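Every number in this text was worked out from the coordinates using simple rules, so none of it is lab data. For clarity, every value in this text was computed on a predicted model and none was experimentally measured. Glycine gets a Cβ as well: all are built from the backbone with ideal geometry, and neighbour counts include every protein chain shown.
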C-alpha cells in the first residue's frame, strides 16, 4: 500500500477541501491550476476507491458483562 | 445449629413474635400449648432464641431464597442517607422491607406499585423483614411516576443540561456499541452503518438490554469501554422497540449516572421514536431508533462521493468562469480606453474648431467681406489722424484698391475719433 492510501478518509477529504478552496481563491494562477486540478482528480479517485472498498471490522467482545447481581439471581 | 435435644422453648420474650409463631406453627407442627406441653411419643427440639432465629432464616433460605413480591409502597423513608425502609402492602397484608440506598435505583414514593426481588429474613430483634435487592415500578402509572420523580431529581442536579452535551466525532473510526447482538435493532444498526460507511472498527459489547440484569450489564460495558487504553471515539447504546416496561433498564439511576460520567460521548438509540428514557435524556445525542443512531453517527458514503465529484466538476467550471471573467475585464478595459481616447480627440477637435472660428473673425479680409474698407495714407499707413483736404489716400475694400483725394473732412458728432 502506498503512503497515500494510509491516509484516513478525513485527511483525504481535508486535502480535497484545501484544493477546492485554492480554486475559489481570489488570485487564480492559471499556470498552477492544471497541476492542482490533477491533484484534486487523483484525490477524488482515492476517496472513491476508499469508500467503495473499505469494509467495517466488527469485533464482538468475548468478555461477559454479567454483573454480580446476575450471578446471584 | 440444630440440636438433638428433646426439650424446646420457642417462646422467648426477646425474639418471639406471636404472629410469626402462629403463622409457622402449622408447618413446623409446633403445638399452641407450648412451652409446657410435650408429646410423650415425640422428641421436641430445643433451641436458644438465636438458634431458633437462625433456624427460621435457614428454612427461609432453603424454601424461598429469593422471591419477587408485588405490592404497594407505604411508609417509605430513607435513614441517614444509607438505609431504606418501607412497607409493601395489598388489601389484606403488609410486609416490612429494608434495603440499602445503593440498590435503590429508581425513585419511589408511597402509593407506588412495585415489584421487589428480596430475601425473607427474621432480624435478631425478631422482626420479619424482606431484604430488597432490586425494586422496579409495576404498571403504567407507577413506571411513569418513577420516571418523572427521577427525572426531576436528576434534572435538578443538572445531568440533562444542554451545556453538558458533547459533539459526536464527524467521521468516527472506532465505535463502541452496547447492545444485545441478537436483537433486530442491533442488526438494523449494523446493516445501515455498513451501507453508509466503511473502514471503521466497531467493537460490540453484548449485553442483555431487558430484565433485571440489564442495567448492571450495560454499566459494566460502559466501564469496559471507558477503561480501554485506546478509547472508542463514541459509544452507541442500542435497544430495539418494545413496550415501555421493556425499556425500564434505561431509566435506572445508576446507569444514568454512569452515562453522565462517561469519558466517551454517548449516543442512544433506544426503543421507538415516541419512547424517551432517562438514558436518552442524559446521553450526548439521542437517536430515535438504532437505525437512526447509525444515520446520525456516520455520513453516507454515497453522499460524500457525490459531493466530491460535484466539487471536482465545479473546479473546471470555476476556472473557466474565472478565465472568462478575466477576458471580459480585459475587453472592457480596452473598450473603456478606446472610448476615453475618442472622447479626448473629440474634445480637442471641438476646441480647434472654435479657435479656428475665432481666428476667422479676426482676419481683416473677413471684415472687408462684410463691407468695410481700410483707409491708408499715401505711404501706406493706416489712417488714424485727421487728413487734410487734397491729401492722397488709398481706400481698400474686398475687391479694389482705390487711390483717392480728400475733398472734405467733417468731424463725426458721435464718433470716438471726432475728438482726435
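Of all the C-alpha pairs in the stretch B:242-292, what % are more than 17 Å from each other?
Working: 354 of 1275 pairs.
Tail of P(r) above 17 Å: 28 percent of Cα pairs.
What do you get for the angle between helix B:301-362 and the principal long axis of chain B? Use alpha-carbon atoms, 0 to 90 degrees, nearest ten.
Roughly 20 degrees, rounded to the nearest 10.
Compute the label zone of residue B:396 within the stretch B:340-382: residues whose backbone N is under 14 Å from the point 7 Å along Cα-to-Cβ.
Within reach of a label on residue B:396: B:363-369, B:372-382.
How far is the Cα center of the stretch B:79-113 from the Cα center of the stretch B:117-138, in Å?
Spelled out, the Cα-based centre of one part sits 9 Å from the other.
Okay, which of the stretch B:216-251 sit inside 17 Å, backbone N to the point 7 Å along the Cα-Cβ direction of residue B:144?
It comes to B:243-248, nothing else.
Looking at the stretch B:328-393, what % of the alpha carbon pairs are farther apart than 14 Å? Spell out each step's value before the answer.
Working: 1610 of 2145 pairs.
Roughly 75 percent, once rounded to a whole number.
Rounded to the nearest 5, what is the percent of antiparallel bridges among the DSSP beta bridges in chain B? Display every interim value, and only then the final one.
On the way: 38 of 58 bridges.
About 65 percent, rounded to the nearest 5.
R0 = 25 Å: FRET efficiency of residue B:383 with residue B:359, Cβ-based, nearest 0.05?
That pair, residue B:383 with residue B:359, gives E of 0.45.
Could you state the angle between the C-alpha long axis of helix B:184-196 and the longest principal axis of the C-alpha atoms of chain B, as a value from 0 to 90 degrees rounded to the nearest 10?
30 degrees
Return one number: the angle in degrees, 0 to 90 and rounded to the nearest 10, between the long axis of the Cα atoms of helix B:214-226 and the longest principal axis of the Cα atoms of chain B.
50 degrees
In vacuum, with every alpha carbon of the stretch B:38-190 counted as one equal point scatterer, what does the Debye formula give for log10 I(q)/I(0) at q = 0.14, 0.19 Å⁻¹? Two decimals, please.
Taken in order of the listed q values, log10 I(q)/I(0) reads -0.89, -1.18.
Along Cα→Cβ, 7 Å out, is where each label goes; now give me the distance between the ones at residue B:329 and residue B:187 in nm to one decimal.
Each label point lies 7 Å from its Cα, and together they span 6.2 nm.
Given R₀ = 22 Å, FRET efficiency for residue B:77-residue B:121 by Cβ-Cβ distance, to 0.05?
On the way: r = 19 Å, r/R0 = 0.87.
So the FRET efficiency works out to roughly 0.70.
For the stretch A:7-73, I need the span (max minus min coordinate) of the C-alpha atoms along each principal axis, in Å, sorted largest to smallest.
The Cα atoms of the stretch A:7-73 stretch 75, 25, 13 Å along their principal axes.
Over the protein assembly as shown, what is the percentage of antiparallel beta bridges among all DSSP beta bridges, to the nearest 5? Walk me through the numbers before you get to the answer.
Numbers: 38 of 62 bridges.
Bridges in the protein assembly as shown are about 60 percent antiparallel.
Could you tell me the largest-minus-smallest coordinate of the C-alpha atoms of the stretch B:64-151 on each of the three principal axes, in descending order and whole angstroms?
Projected onto its principal axes, the Cα set of the stretch B:64-151 covers 38, 31, 22 Å.
Cα convex hull of the stretch B:117-233: how many Å³ per residue?
Details: hull volume 22.7 nm³, N = 117.
Cα-based convex hull of the stretch B:117-233, divided per residue, equals 194 Å³.
Using only the alpha carbons, work out the radius of gyration and Dmax of the stretch B:368-419 in angstrom.
Here Rg and the maximum Cα pair distance are 11.6, 31 Å.
I need the fraction of alpha carbon pairs in the stretch B:276-420 separated by more than 25 Å, rounded to a whole percent. Please report the intermediate quantities before stating the final value.
Numbers: 7437 of 10440 pairs.
I get 71 percent for the Cα pairs in the stretch B:276-420 exceeding 25 Å.
According to the square roots a ≥ b ≥ c of the eigenvalues of the Cα gyration tensor, what is the shape class of the stretch B:162-299, taking rounded for a/c under 1.5, prolate for a/b larger than b/c otherwise, and oblate for the remainder? If you can, show how the numbers build up before the last one.
On the way: a/c = 1.38, a/b = 1.17, b/c = 1.18.
Verdict is rounded for the stretch B:162-299.
Using alpha-carbon pairs under 8 Å, 6+ residues apart, how would you state the relative contact order of chain B in percent? Working shown, then result.
Values: 652 pairs, mean separation 38.8, N = 420.
Computed value for chain B: 9 percent relative contact order.
What do you get for Rg/Rh over the protein assembly as shown if you use C-alpha atoms and the Kirkwood form of Rh? Provide the component values of the computation, followed by the final result.
Details: Rg = 54.2 Å, Rh = 32.9 Å.
Rg divided by Rh gives 1.65.
Could you give P(r) for chain B, binned at 20 Å from zero, as whole percent values over all Cα-Cα pairs?
17, 25, 16, 9, 6, 7, 9, 5, 3, 1, 0
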